[in-house]
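Participant: Quick one: the structure is below, and I'll ask about it shortly.
The values are calculated or read from the model by the stated rules, or taken from the named source; none is laboratory data. Since we're looking at a predicted model, the values are computed, not measured. All Cβ positions, glycine included, derive from the backbone under ideal geometry; neighbour counts span all protein chains shown.
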Amino acid sequence: MVGGAAVVSLISRWAHRRFERGVRYTEQRLGGAPMFKWLMRYVFPDHWSFLLGEIALYSFLVLIATGVFLAMYYVPSSALTVYHGSYVLLHGQQMSEAYESVVNICFSVPAGLLLRQTHHWAANVFIASIVLHLMRIFFTGAYRKPRDLNYYVGLTMLMLAILEGFIGYSLVDDLLSGMGLAIAYGVALSIPLIGGQLATLVWGGQFPGNSTFFARLEIVHVFLIPLTLLGLIGVHLAMIMRQHHSQFPGRGRRERNVVGTPMWPAYALRSIGLLLAVTAVLFLVGGLIQINPIWQWGPYHTYLSENGAQPDWYIGWLIGALRLMPNWELVIDGRTVIPNPFWGGVAFPLFVFGVLYAWPALERRFTRDQRRHDLLDRPRDHPTRTAIGAGFLSWVVIIFAVGATDRVYYRLGISYVGEIHFWRAGIWVLPILVFFITRSAARALSRSDARPLRGWQGAVMRRDLDGIPRVLDESAGDEPGEVTEPPVGTRPGTDG
Amino acid sequence: MNDGPKGLGLIAGLVVALRVVWRTLRGRPASSAGAAAPVTEPPRGEDPRQREIPSDRRAETWVALLLFAAAACALAFIVFYVIEQFDTQLLGLALGGAFALLAAAAIVAGKMVVPQATEVEERDELLDAAAAEEVVEMVEAGGEGISRRGLLTCATCVAGGAVVAAVATPVASLGPAAKSLHASPWRRGVRLVKDVTAEPYTADEIEIGSFYTALPEHGDPEALGAGVLLVRLPPRYIHLPVSRHGWAPHGLMAFSKICPHAGCAISLYRYPTYAPTSVAQPAFTCPCHYSTFLPGRGGEVVFGPAGRELPQLPLMVDGDGYVRAAGDFDADVGPSWWGVRRS
């Protein structure tokens, strides 16, 4: 044991000397010590909701790692071939080489299915965490000056991520994704004036496209969009580090400072822990929970489709909008000017993102608040913003849920036609209700400062011998430390 | 592939292990933690700064154990890769487990082993008005002494625009002109063949109440206009416009299989087996957005988002009883675009 301890101390002294020498080596050449000092002292305010963006970043890393592996095997070709691989049920089927290569990844490449499923799960987690991150940013007012620029960058990344995910599962050329591409073609065609040119340029002709189509999709999926995302992630992080993170109000927290855990060592270790935990969860679900079993869908042919098809969840809102839309087309003098898919497939997402992009400027105009904000709001303290956000969100979520009306019909037997007619009105009525309910709930919470989501709210009373009720202090439900948060006085402008 | 019991055993083992780790970490006797780490009651004042050195040997032991366990899991992955290459569940468990244990080690170390500090940093005043003004002046000073500034700006814009346009022009080679959208493989006399065997359909084998997928003989089966729906309707359901007289010999009718809404293949056919049903007529429904078309009325839309009729293919039956196209579709097939040819 003594010998072991001596060896350990020898190793650690050796490592210390190497480390010192290494630091001197780089310093003489780059002189980065002040920057490293700044970086190690960089302060992160602690709140669980700040981890959502980190989860997105870390799932992106997993996507790159698993994606590189998949790209080694993927064949971007629509040339037809007859399958004779290891999955017997598809033997003799005519399919594209692209689909064959992905079936081979699943069944002929060791650990291939694990990496493919992990990649697919990671894409879902990536987009979900961006959406949740966006909701956190919106409801706490983190998009306000000076972070509005960064908010625009984030929205752009969300759009790119959705497109990237859609193109990713379209590369497979299975029956399900082929139907998705057909719809994408219909949506591209529907853009007024330029739709025909645009769709023939993207597909290299009429759907299903010329022989280079999957090569085009692949270069966009593995190079153009990931590279753009990487660049934007760099900009996103650089901007936030320049401005520092926003923080919730609390003891010693003012508009002009930032209170929290420094990067080195505690925060770095915890964040690395999060990276590893995200990776762990993705590999666990990738190994244990089946996702997109493409061998069950079979190969795509333009003249085939399957019933009950559903896209990945982040495309669901567009499917809902396409299904909900009445069959209006703008036809002038017998010529189609605006085909129907334009409304649900182009106008609807453009409107949603347009509102999101415009929001910071709109809010500045209506509140006349041009100041810089580094303290976050509690959602309840801004009832109107919270209510508008909740109403808008519910509008999109209901349209998303309408994409599943056919499943409701299969499961519960409620008429599909009836459901569609109901929701054509419902998507306008319900968000208004959500708006008013949220606003009054936020106002009530802001006034009473109740915390309905934090467990025990009451206090235990005991009546004394002389009949006077007293609160027993030790049974008050608040955790220690919570008392340090200021109660209501956290409205904007009440700068600490 | 599916080695259920082994996978389940592993899951159970992992769950038990995680529980043990969790309980041990949570159930740390408060006294020992308190003795090792002097609990610093945060001062009530404005300054939240604090630094605490946990010096917790027990936590250090846990981190080491977790790291060794992670190494074991990672080695297990390599072993599984060699002996059970295609057991996706086992591989995922081993690799995910290795990362999970590493994550646990990093988080325990981050929260209980290394110094815990709360720091305060001041934020920069972002706007430095004087510096911003200087930037503007420096940029504009770059144009000092230039007398024909307007002319040069104008020329730069023209050159820039022209070069960008020139560089962007090859994008046009990505596709043929949009007139290729009108392409269809159907001509008068082309036989309708089966989608799997490529044998031609005879009129006799088309029964009332089912639909058949047909493709053009010798045509590209993947072309958008190739697939058609072939049905036979009894005369009571057929109400074709006068202009389509003779398009449905013996009640045989063919329609493009591609929905004119968004391009999915139509795969649902409702035929009223019993008298009163929701649609009293035979109907095609697209499974993507549920546009519903009546073949008996020439492909008319009765429900859903489709904005135009399903294009109909005129048919004829030749002397040998084979079904043939009597011409091309009466409209463009596939999703609509600006200026699509409607029926």
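Participant: Given the structure, is A:L230 modelled with pLDDT of 95 or more, over 30 Å from B:A105 (Cα atoms), in the same structural domain as A:G67 (by TED's automatic domain parsing) and surrounded by fewer than 17 Cβ atoms within 10 Å (Cβ to Cβ)?
Facilitator: Values: modelled with pLDDT of 95 or more: yes; over 30 Å from B:A105 (Cα atoms): no; in the same structural domain as A:G67 (by TED's automatic domain parsing): yes; surrounded by fewer than 17 Cβ atoms within 10 Å (Cβ to Cβ): yes.
Judged against the criteria, A:L230 is not a match.
Participant: Same structure, new question: Looking at (1) assigned to a loop (DSSP other than H, G, I, E, B); (2) in contact with a Leu (Cβ under 7 Å, 6 or more places away or on another chain), find the lone condition where B:F293 falls short.
Facilitator: (1)
Participant: Within region A:188-202, count every residue that is surrounded by fewer than 24 Cβ atoms within 10 Å (Cβ to Cβ), assigned to a helix (DSSP H, G or I), hydrophobic (A, V, I, L, M, F, W, C) and at the interface with another protein chain (Cβ under 8 Å from one of its Cβ atoms).
Facilitator: 2
Conditions tested, residue by residue: (1) farther than 22 Å from A:I105 by Cβ; (2) of a type in the set (V, I, T); (3) surrounded by fewer than 22 Cβ atoms within 10 Å (Cβ to Cβ); (4) not assigned by TED's automatic domain parsing to the domain that holds B:V15.
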site: B:W62; (1), (2), (3), (4): yes, no, yes, no
site: B:A69; (1), (2), (3), (4): yes, no, yes, no
site: B:A76; (1), (2), (3), (4): yes, no, yes, no
site: B:Y81; (1), (2), (3), (4): no, no, yes, no
site: B:Q85; (1), (2), (3), (4): no, no, yes, no
site: B:I107; (1), (2), (3), (4): yes, yes, yes, no
site: B:K111; (1), (2), (3), (4): yes, no, yes, no
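Participant: Name the residues in region A:59-79 that are of a type in the set (F, W, Y) and closer than 26 Å to A:I233 by Cβ, would you?
Facilitator: A:F60, A:F69, A:Y74
Here is a yes/no grid of residues against (1) buried (at least 19 other Cβ atoms within 10 Å of the Cβ); (2) in the same structural domain as B:T285 (by TED's automatic domain parsing); (3) of a type in the set (G, A, S):
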| position | (1), (2), (3) |
| --- | --- |
| B:G209 | no, yes, yes |
| B:T213 | yes, yes, no |
| B:E217 | no, yes, no |
| B:P221 | no, yes, no |
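Participant: Would you confirm whether any residue within region A:242-254 is more than 9 Å from chain B (Cβ to nearest Cβ), within 26 Å of the chain's Cα centre (by Cα) and in a helix (DSSP H, G or I)?
Facilitator: Scanning region A:242-254 turns up no residue that is more than 9 Å from chain B (Cβ to nearest Cβ), within 26 Å of the chain's Cα centre (by Cα) and in a helix (DSSP H, G or I).
Participant: Continuing with this model, one more query. Give region B:91-111 a look and list any residue that's in contact (Cβ under 8 Å) with a residue 60 or more places away in the chain and either over 36 Å from the mean Cα position of the chain (by Cα) or more than 7 Å from every other protein chain (Cβ to nearest Cβ) (or both), or say none.
Facilitator: Selection gives B:G97, B:A104, B:V108.
Participant: Right, another one. Are any residues in region A:255-272 in contact with a Ser or Thr (Cβ under 7 Å, 6 or more places away or on another chain) and not in a strand (DSSP E or B), and if so, which ones?
Facilitator: So the first thing to find is which residues in region A:255-272 are in contact with a Ser or Thr (Cβ under 7 Å, 6 or more places away or on another chain), and the list is A:259-261, A:267.
Correct list: A:Y267 only.
Participant: May I pose another question? Mind checking which residues of region A:8-52 are of a type in the set (S, T, Y) and surrounded by 12 or more Cβ atoms within 10 Å (Cβ to Cβ)?
Facilitator: A:T26, A:Y42, A:S49
Participant: Here's a follow-up. Kindly provide the set of residues from region A:286-305 that are facing chain B (nearest Cβ under 8 Å) and surrounded by fewer than 21 Cβ atoms within 10 Å (Cβ to Cβ), ordered by number.
Facilitator: Within region A:286-305, A:L288, A:L304 qualify.
Participant: Can you pull out every residue in region A:309-328 that is aliphatic (A, V, I, L, M), under 24 Å from the mean Cα position of the chain (by Cα) and either more than 7 Å from chain B (Cβ to nearest Cβ) or on the phi > 0 side of the Ramachandran plot (or both)? Before the answer, list the steps.
Facilitator: From region A:309-328, those aliphatic (A, V, I, L, M) are A:309, A:315, A:318-319, A:321-322, A:324-325; that's our starting set.
Cutting the leftovers down to under 24 Å from the mean Cα position of the chain (by Cα) gives us A:309, A:315, A:318-319, A:321-322.
Of everything in region A:309-328, those that are aliphatic (A, V, I, L, M), under 24 Å from the mean Cα position of the chain (by Cα) and either more than 7 Å from chain B (Cβ to nearest Cβ) or on the phi > 0 side of the Ramachandran plot (or both) turn out to be A:I315, A:L318, A:I319, A:A321.
Participant: What are the residues in region B:113-133 that are within 7 Å of chain A (Cβ to nearest Cβ) and surrounded by 15 or more Cβ atoms within 10 Å (Cβ to Cβ), if any?
Facilitator: Scanning region B:113-133 gives B:V114, B:Q116, B:A117, B:T118, B:E119, B:V120, B:E121, B:R123.
Participant: Take the residues of region A:204-219 that are more than 7 Å from chain B (Cβ to nearest Cβ) and closer than 17 Å to B:H182 by Cβ: which is farthest from the chain's Cα centre (by Cα)?
Facilitator: Looking at the filtered set, the residue picked out is A:N210.
Yes/no per residue for (1) surrounded by fewer than 20 Cβ atoms within 10 Å (Cβ to Cβ); (2) modelled with pLDDT of 95 or more; (3) under 21 Å from A:L114 (Cβ atoms):
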site	(1), (2), (3)
A:L61	yes, yes, yes
A:T66	no, yes, yes
A:M72	yes, yes, yes
A:P76	no, yes, no
A:E97	yes, yes, no
A:E100	no, yes, yes
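Participant: In the set A:G165, A:G205, which member is assigned by TED's automatic domain parsing to the domain that holds A:N327 and in contact (Cβ under 8 Å) with a residue 60 or more places away in the chain?
Facilitator: When all the criteria are applied, what remains is A:G165.
Participant: Something else about it: What's the number of the condition B:Q85 fails, among (1) closer than 22 Å to A:L282 by Cα; (2) assigned to a helix (DSSP H, G or I)?
Facilitator: It is condition (2) that B:Q85 fails.
Participant: Can you confirm whether region A:266-277 contains a residue that is more than 7 Å from chain B (Cβ to nearest Cβ) and over 30 Å from B:D47 (Cα atoms)?
Facilitator: First, the residues of region A:266-277 that are more than 7 Å from chain B (Cβ to nearest Cβ): A:267-268, A:271, A:274-275.
This time we only want the ones that are over 30 Å from B:D47 (Cα atoms), so: A:275.
Yes, some residue in region A:266-277 is more than 7 Å from chain B (Cβ to nearest Cβ) and over 30 Å from B:D47 (Cα atoms).
Participant: Hey, among A:A122, A:A128, which residue is of a type in the set (A, V, I, L, M), part of a helix (DSSP H, G or I) and surrounded by fewer than 22 Cβ atoms within 10 Å (Cβ to Cβ)?
Facilitator: A:A128
Participant: Please determine, by comparing only the residues of region A:329-372 that are within 14 Å of chain B (Cβ to nearest Cβ) and touching an Asp or Glu at 6+ places or on another chain (Cβ under 7 Å), which one is nearest to A:S448 (Cα to Cα).
Facilitator: Of everything passing the filter in region A:329-372, A:N340 is nearest to A:S448 (Cα to Cα).
Participant: Return yes or no: is B:G263 facing chain A (nearest Cβ under 9 Å) and at positive phi?
Facilitator: Answer is yes for this residue.
Participant: In region B:247-269, how many residues are within 27 Å of the chain's Cα centre (by Cα), part of a strand (DSSP E or B) and not polar (S, T, N, Q)? Steps first, answer last, please.
Facilitator: Step one: filter region B:247-269 for residues within 27 Å of the chain's Cα centre (by Cα), giving B:256-269.
Right, trim to part of a strand (DSSP E or B) and you get B:256, B:258, B:265, B:268-269.
Right, trim to not polar (S, T, N, Q) and you get B:258, B:265, B:268-269.
Qualifying residue count, region B:247-269: 4.
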